[in-house]
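Notes follow the structure.
Laboratory data are not the source of any read-out in this text; all were calculated from the coordinates shown. No experiment lies behind these values; they were computed from the predicted model shown. All Cβ positions, glycine included, derive from the backbone under ideal geometry; neighbour counts span all protein chains shown.
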Amino acid sequence: MATGQTRKRRRRSATLDHNAALWAHVEPESSRLLLLSALDAFLARGFHAATTREIGERAGMSPAAVYVHWKAKSDLLFEISRTGHQAVLDVVEEALAQASDDPVERVSSFVSAFATWHADNHALARVIQYEFKKLPRRQFRQIVEIRDRFEDLMHEELAGGVAAGVFEVADLEGTTLAVLSLCIDLARWYQPSPAHSSAEAIGELYADLVIRMLRPVN
């Protein structure tokens, strides 16, 4: 039978499955470990059901340790949401910066990067996409500002393609949301397995599907 210390070590090691580079800015290490433990807890049980006791235990610490490093449970969710949203925004903006002026290439690059990130970071994506609405109003609005940037970028690229006569889009607002939602939904079902394509292949597939959807019907 596993001892209490063994269980704590197992819980601690489970948090290390996440992309370490994303969380390197969180110091000290105990704060980072609690943040990743919170991510695991929110993923497993949702923000409201996860308790600070559970978060502390997952990190191999006491329940009180959470409040030593973080003011509130919502601050953990906010930092997870802020970090995740900014990470995917950076990926998308980098993809657009490297793309040519061709509308097809630009939208394809956006969708491929956006979808690949959500598949590659499916656990984090599930939390930031489906739990952020539970944040207090002030923190919620800060996340919405980042999310609005995604909509603005996609809307701009679609409009550019329509103006160039490359895309046929009757409803720019609705199509923008449809494209983003298609990629975001990856977080709901994607799991790396032999039955699923790689994250990169999923990104290429989604980019191809979106471009086919946008092209004028002959």
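A few notes on this one:
- Of (i) 37, 18, 14; (ii) 28, 21, 15; (iii) 24, 24, 21, the label for semi-axes √(5λ) of the Cα gyration tensor in Å derived from the coordinates: (i)
- Across Leu96, Leu36, Leu22, mean-square fluctuation computed from a Gaussian network of the chain (C-alpha pairs under 10 Å connected) peaks at Leu22.
- Cα centroid separation - segment 154-218 against segment 39-57, whole Å: 33 Å
- Applying a DSSP loop filter and a limit of 15 other Cβ atoms within 10 Å to the chymotrypsin sites (Phe, Trp or Tyr not before Pro) in segment 136-176 leaves nothing.
- For the options Trp23, Trp70, Trp189, a Gaussian network treatment of the chain with springs between C-alpha atoms closer than 10 Å singles out Trp189 as fluctuating the most.
- Gaussian network model of the chain, springs between alpha carbon atoms under 10 Å - residue of Ala201, Ala187, Ala38 with greatest fluctuation: Ala201
- Length added when fully stretched, Ser193-Arg149, from 0.36 nm per residue minus Cα-Cα: 12.6 nm
- Taking other C-beta atoms within 10 angstrom as a stand-in for reagent exposure, Met154, Met213 fall in the order Met213, Met154, fewest first.
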